[in-house]
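Down below is the structure, laid out as structure tokens.
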Amino acid sequence: MAISLASLRRSGAASPPRLLVYGVAGVGKTKLAADAPGPVFLQTEDGLGTIEAPTFGLLRSFEDVMEAITSLYTEAHDFQTVVLDSVDWLEPLIWRATCERQSPPWNDIEQPGYGKGYVAALDTWRSFLDGINGLREDRGMGVILIAHADIKRFDSPETEPYDRYQPKLHARASALVQEHVDAVLFANYRISTLKADAGFGKKVVRGVSGGDRLLHTIERPAFLAKNRFGLEESLSLDWATLATGIPFYATPTQEIRS
């Protein structure tokens, strides 16, 4: 490609966002994505329930997922947001596809040993990420990746190890996906703690949920999160509130590229 001054563009221009939304079960991750503009779902699990939204149905292989992405890239449509629900159910499909591509094929992702299978799977992950980035860059579509949460030990170089919420993915895949998104958002209920008398002069601490659902945007010891938009630390878990802080949605209506 020839490089010239004519190819310069302003880096701050608003682009469709790439969001990784993870959280505890039943908190409303899928509903949040379904409220995004013009969503279409790539389902690797049956998470829509009673939510009405356009979907390719249950995609049972990595090839099915890539075919759906290709159709969104090549065919005319007016969808504005592609939603993958969920990336942790996509991961086994990626492992299977990686194993099948070996010569001879592996029986499972751990067969080569020493974590080499998970390293090999990163190339398959990159194929998926390139696909959704193509939808963003060439078709002007926002991207929402949904994941479940897992509690994992975090070995901090500055403190003693502690547990925190993270996306339910293998560590290498999780790091790669996080690099490719503009925000990692953690959805959870608002939790407060109360001290109760357990008798004999002892106190126990109990967690109490008020039912409020929050979207956390900045990393804290209890959970992993980040964002490149300068969002408030915690938001109400609804699309309208989130969209007001994302430059792409704060600008005049964007045209869908066909």
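Mind counting the residues in segment 80-92 that are part of a helix (DSSP H, G or I) and either on the phi > 0 side of the Ramachandran plot or in contact (Cβ under 8 Å) with a residue 40 or more places away in the chain (or both)?
5
Within segment 210-222, does at least one residue satisfy the condition of being among the polar types (S, T, N, Q), in a strand (DSSP E or B), within 18 Å of V143 (Cα to Cα) and at pLDDT 95 or above?
No, segment 210-222 contains no residue that is among the polar types (S, T, N, Q), in a strand (DSSP E or B), within 18 Å of V143 (Cα to Cα) and at pLDDT 95 or above.
Which members of segment 145-181 meet the condition of being closer than 29 Å to D35 by Cα and part of a helix (DSSP H, G or I)?
Scanning segment 145-181 gives A173, S174, A175, L176, V177, Q178, E179, H180.
All but one of (1) over 26 Å from P247 (Cα atoms); (2) among the polar types (S, T, N, Q); (3) in contact with a helix residue (DSSP H, G or I) (Cβ under 8 Å, 6 or more places away or on another chain) hold for T159; which doesn't?
Failed condition: (3).
Please determine whether any residue of segment 93-103 is of a type in the set (F, W, Y), outside any strand (DSSP E or B), out of contact with any strand residue (DSSP E or B) (no Cβ under 9 Å at 6 or more places or on another chain) and surrounded by 12 or more Cβ atoms within 10 Å (Cβ to Cβ).
Within segment 93-103, one or more residues are of a type in the set (F, W, Y), outside any strand (DSSP E or B), out of contact with any strand residue (DSSP E or B) (no Cβ under 9 Å at 6 or more places or on another chain) and surrounded by 12 or more Cβ atoms within 10 Å (Cβ to Cβ).
Here is a yes/no grid of residues against (1) modelled with pLDDT under 95; (2) aliphatic (A, V, I, L, M); (3) over 17 Å from V40 (Cα atoms):
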position	(1), (2), (3)
A76	no, yes, no
A121	no, yes, yes
W125	no, no, yes
A149	no, yes, yes
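Per-residue answers, yes or no, for (1) within 23 Å of L237 (Cα to Cα); (2) of a type in the set (S, T, N, Q); (3) not in a loop (DSSP other than H, G, I, E, B):
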site: A2; (1), (2), (3): no, no, no
site: A6; (1), (2), (3): no, no, yes
site: G26; (1), (2), (3): yes, no, no
site: T30; (1), (2), (3): yes, yes, yes
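Restricting to segment 115-144, give me the number of residues that are surrounded by fewer than 18 Cβ atoms within 10 Å (Cβ to Cβ) and part of a strand (DSSP E or B).
Total satisfying the criteria: 0.
The values are calculated or read from the model by the stated rules, or taken from the named source; none is laboratory data. All figures in this text were calculated on a predicted structure; none of them were measured in a lab. In this analysis, Cβ positions are derived from the backbone assuming ideal geometry, glycine residues included, and neighbour counts consider all displayed protein chains.
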